[in-house]
1. Could you run through region 333-348 and say how many residues are open to solvent by 20 Å² or more (accessible area, probe 1.4 Å) and within 16 Å of the chain's Cα centre (by Cα)?
2. If I ask for residues that are of a type in the set (A, V, I, L, M, F, W, C), part of a helix (DSSP H, G or I) and surrounded by 14 or more Cβ atoms within 10 Å (Cβ to Cβ), which ones from region 218-233 would you list?
3. If you check ASP266 against the conditions, is it under 30 Å from ASP57 (Cβ atoms), open to solvent by 10 Å² or more (accessible area, probe 1.4 Å) and modelled with pLDDT of 95 or more?
4. Among the residues of region 1-50, how many are in a helix (DSSP H, G or I), open to solvent by 70 Å² or more (accessible area, probe 1.4 Å) and over 23 Å from PRO189 (Cα atoms)?
5. Only one of (1) under 18 Å from the mean Cα position of the chain (by Cα); (2) surrounded by fewer than 22 Cβ atoms within 10 Å (Cβ to Cβ); (3) not small (Gly, Ala, Ser) is not met by ARG287, so which one is it?
6. State all residues of region 242-263 that are surrounded by fewer than 17 Cβ atoms within 10 Å (Cβ to Cβ) and either farther than 20 Å from ASP181 by Cα or touching a Phe, Trp or Tyr at 6+ places or on another chain (Cβ under 6 Å) (or both); if no residue qualifies, say none.
7. Search region 7-18 for residues that are free of Cβ contacts under 8 Å to residues at least 40 places away in the same chain and pair each with any residue that is of a type in the set (Val, Ile, Thr) and part of a loop (DSSP other than H, G, I, E, B) when their beta-carbon atoms are under 6 Å apart and the residues are at least 6 apart or on different chains.
8. Among the candidates VAL69, VAL124, single out the residue that is surrounded by fewer than 23 Cβ atoms within 10 Å (Cβ to Cβ), in contact with a strand residue (DSSP E or B) (Cβ under 8 Å, 6 or more places away or on another chain) and not in a helix (DSSP H, G or I).
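The values are calculated or read from the model by the stated rules, or taken from the named source; none is laboratory data. Computed from a predicted structure; not experimentally measured. In this analysis, Cβ positions are derived from the backbone assuming ideal geometry, glycine residues included, and neighbour counts consider all displayed protein chains. For the accessible areas, the whole protein counts, side chains as well, though only heavy atoms, and no ligand, DNA or RNA atoms are used. Shrake-Rupley method; radii C 1.70, N 1.55, O 1.52, S 1.80 Å.
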Amino acid sequence: MSAFGTYQNEIYAAGLRGIVPKVPVDAKTLEARATAAMAPSLLHYVQGGCGDEWTQDQNVEAFHHWGMVPRMMVETGTRDLSVDLFGTRYDSPIFLAPIGVTGMATPDGHGDIAAAQASAQTGVPMVVSTLGNDTLEEVATHLGKTPGFFQLYCPRDRELAESLVRRAEAAGYRGLVVTLDTWVTGFRPRDLNTGNFPQLRGHVLVNYTSDPVFRARLGKDPASAPQEAIMLWGALFGRPMLWDDIAWLRSVTTMPIILKGICHPDDAARAADLGADAIYCSNHGGRQANGGIAAIDMLPDVIRGAGSTPVWFDSGVRSGTDVVKALAMGAAAVGIGRPFVYGLALDGAAGAIHVLRSILAEADLFMAVNGMPTIADLRREGVRRL
């Protein structure tokens, strides 16, 4: 058990010495500061969503129409926020969700490594994106004792996909998170209005250009033909995943398979029946499709459809109270996306650490004052629709 809430005591103690947090503790101020600090092209890619961004906004707002009723006169001097993922116990119920431009979030272009360092120092597991500025192997060396997971944008070339998966397993990742909703990119006006797509400018493609199968397909050193490498990446990116592909992936790896992007209870049930080790309820933070339902509103049905198969969750999580509500609904673990990238942009690994510790502190203190010291207590009390 970790007393995450004591982080606020550290902040108050520093305040007595005239030191205030370099990075804000709340989501609204954090986003405002990051908006002012980040280069516009990167900011639009990280912050933007699909269409008029209604679904993206609803992902955040929908948490406000779910609430919990506190219980009093309960011993909550110690809290336990730990979760079990595939036989490993984690003190933290949150994880770093995969974001394809994490590597660009720090001035040195090594945001993937900075995020891994934040994971190592907080014990918050990281889902490492296929899209990175540092190889998946290099990122793994910075995770320390905190296990990581690898996220796959499945290429059209099966041999390339298998190579990426096998590299991840060899590097020690503890699970394969397969993104289902990004075989083609959604309609994103912020990026389109500026004609900016980072990958087409050669960013975050290192896992491809370092891959032996990719290099064989290219037939030359990617460094000597960067534009050809980019065009090959574009031609290979994005295999539409079908139900039969679960068996194929199972034949490639012994890692647990987590299917990301499932929002319908029937899809959750089918995924469980076909052997998915976990289901990841997410609408990609509103980046891939507009006009949909907020992810948190779909979570209860997905959990019911999944049965005994654990359900991970992300999309719209901005605070510790959001985390607690998702856990109370039955989420096995809760992903943090944009906030940790904002932390990286403002203060590198230290900024991401601060953001994660702030979210965990708020979640811990929420449980303390509401008389729910364990996740089992949260689930017993449940949430109510306001």
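1. Selection size over region 333-348: 1.
2. Once the filter is applied, which keeps residues that are of a type in the set (A, V, I, L, M, F, W, C), part of a helix (DSSP H, G or I) and surrounded by 14 or more Cβ atoms within 10 Å (Cβ to Cβ), region 218-233 yields LEU218, ALA229, ILE230, LEU232, TRP233.
3. Values: under 30 Å from ASP57 (Cβ atoms): yes; open to solvent by 10 Å² or more (accessible area, probe 1.4 Å): yes; modelled with pLDDT of 95 or more: yes.
So ASP266 fits the description; yes.
4. 5
5. Of (1) under 18 Å from the mean Cα position of the chain (by Cα); (2) surrounded by fewer than 22 Cβ atoms within 10 Å (Cβ to Cβ); (3) not small (Gly, Ala, Ser), only one is false for ARG287: (2).
6. First, the residues of region 242-263 that are surrounded by fewer than 17 Cβ atoms within 10 Å (Cβ to Cβ): 242-244, 247-248, 250-251, 254.
Within region 242-263, SER251, THR254 meet the criteria.
7. none
8. Answer to the selection: VAL69.
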